[in-house]
Amino acid sequence: MDPKHLPQALRRMVLAAILCGAGAVHARESAVDVLEIPGAGPVLLALPHSPDPVPVVVVVPDPAGADQRARAYTERLNAQGIATIEIRPGADAAFSAEVLAQRFGRLLRALIADRRFDARRVAVLGFGRGARIALSGAAGLPVAALYPGCAPLRAPGTGRALVLEAGSAPGPQGDCAAFRAALGGRLTHHRYATATYAWDFADAARLAASPGQPAPDAEGRVLVRPDPRVTEDAVGRVVHFMTEVLDTQPAEPGRE
């Protein structure tokens with residue numbers, strides 16, 4: 001059940017269990033709530049129950065705001081015992097790329113000091129412009145970047161990287177080749193030839209009102225066409241990458 005539908009008292013109990021690192025939650029289930037991280041703003045935390053510090057994936061959304069794109073990925077990661085912490089827009093429907101980059105850096109610093117998380121096993125998942133921010137500001141951490149566009153990065157800061165690219169990425173394919181070359185041998189790359197930017201877009205109401213969304217690396221807007229088949233494949237690739245770089249044993253399907 002979505003935490004926003006829980007009674008307030010029960011939400012407080014769930015949050016207390018998170019903060020104490022305890023609670024009668026099944027090992028493959030996660031306690032979920034929206035928290036305020038000093039300096040980093042509101043985040044959506046999903047924390048698998050574990051007596052030990054857990055690996056964590058920081059989710060950097062598009063600056064356009066929360067639109068449920070990350071949910072398919074985070075739920076699968078949580079099932080593997082990996083915590084996820086997603087930057088949320090707060091009171092505003094959207095935030096600038098500059099503000100998002102600042103909050104991302106502050107959140108990374110806060111995680112290192114948080115004993116609920118294993119500071120040796122931190123990775124980043126980014127969407128669109130959020131993927132570009134992750135690739136530039138990850139300070140050597142592994143990054144899975146979804147449809148980041150092809151404009152050159154000023155200073156790639158990632159360690160290992162998985163880049164999943166839309167076939168209709170803005171800009172000429174030569175730009176995409178240069179973008180990939182800048183990441184060097186640290187890169188695992190896959191291009192979905194028929195997919196558009198934001199193939200995993202899940203906010204039907206927003207998409208109906210505006211089928212074009214801001215381009216990740218340029219001015220203007222790009223077409224969005226949700227593709228469940230591509231989304232499922234992308235989720236599998238992201239989870240495989242994360243379990244590998246975080247040294248997490250994948251859970252067997254159908255088992256707790």
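Every read-out reported here was derived from the displayed coordinates using simple, explicitly stated rules and does not represent laboratory data. Fair warning: this is a prediction, and the values are worked out from it, not measured in the lab. All Cβ positions, even for glycine, are placed from backbone atoms using ideal geometry, and neighbour counts span all protein chains on display.
Laid out as a table, the results:
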| read-out | value |
| --- | --- |
| Other-chain or far-sequence residues with amide H under 5 Å of Thr196's (modelled H) | Arg225 |
| For the range 214-224, Karplus couplings with θ = phi - 60° (6.51, -1.76, 1.60), whole Hz, Gly/Pro x | x, 5, x, 9, 7, 6, x, 10, 10, 5, 10 |
| Distant-in-sequence amide H partners of Thr188 (H built 1.01 Å from N, under 5 Å) | Ala161, Leu162, Val163 |
| Segment Arg120-Ala177, length gained on full extension (0.36 nm per residue, minus Cα span) | 17.4 nm |
| Residues with amide H under 5 Å from that of Val54, placed H, sequence gap 5 or more | Phe117, Asp118 |
| Ranked list, fewest to most other Cβ atoms within 10 Å of each Cβ, for Tyr192, Tyr197 | Tyr192, Tyr197 |
